[in-house]
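A.B. asks: Below you'll find the structure I mean.
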Amino acid sequence: MQMQWVKKADDFTNVDKEKSERSGRYFQREWFESYEWLVYNREKNKAFCKTCTTYYNDDTHKGVFGNYEAGFGNWKKGLEKFKEHQE
C-alpha cells in the first residue's frame, strides 16, 4: 500500500504531479523546501500544515487550510496562501 502522506520533496513523484495536474495546476515539490511544516496528501490531492493537523484536531482552528481536515488545493494561490499561513 502506498503512503498517503508526502512529507518531503524526494517523496513527491511524477505520478503525484500528474494526479494533481489534471486541473491544469499542481502542487509544486519545491514548496517543501520553503515550508518545512507543509505536507501533501495523495488521496485527497491537498496540502496540509503538519503542525495544525497534529495539534488542532477540532473545528476551532481555521485559516488558510480551512479546518484541520479540509486541506488546501487551490494551487494557483499556493505560494500566496502558504506565506500567509506561515506569518
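The values are calculated or read from the model by the stated rules, or taken from the named source; none is laboratory data. Predicted model only: the values in this text are computed from it and were never measured. In this analysis, Cβ positions are derived from the backbone assuming ideal geometry, glycine residues included, and neighbour counts consider all displayed protein chains.
A.B. asks: Assuming residue 45 fulfils every condition listed in (1) at pLDDT 90 or above; (2) in contact with a Gly (Cβ under 7 Å, 6 or more places away or on another chain); (3) not aromatic (Phe, Trp, Tyr) apart from one, which condition is it?
C.D. replies: Exception for residue 45: condition (1).
Per-residue answers, yes or no, for (1) modelled with pLDDT under 85; (2) surrounded by 13 or more Cβ atoms within 10 Å (Cβ to Cβ):
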position	(1), (2)
7	yes, yes
16	yes, yes
22	yes, no
25	yes, yes
37	no, yes
57	yes, no
64	yes, yes
69	yes, yes
84	no, no
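A.B. asks: Enumerate the pairs (first residue in the stretch 40-56 and on the phi > 0 side of the Ramachandran plot and touching a residue at least 40 places away in the same chain (Cβ under 8 Å); second residue anywhere and of a type in the set (A, V, I, L, M) and part of a loop (DSSP other than H, G, I, E, B)) with beta-carbon separation below 9 Å, excluding pairs fewer than 6 apart on the same chain, so at least 6 apart or on different chains.
C.D. replies: As it stands, the answer is none, since no pair meets every condition given.
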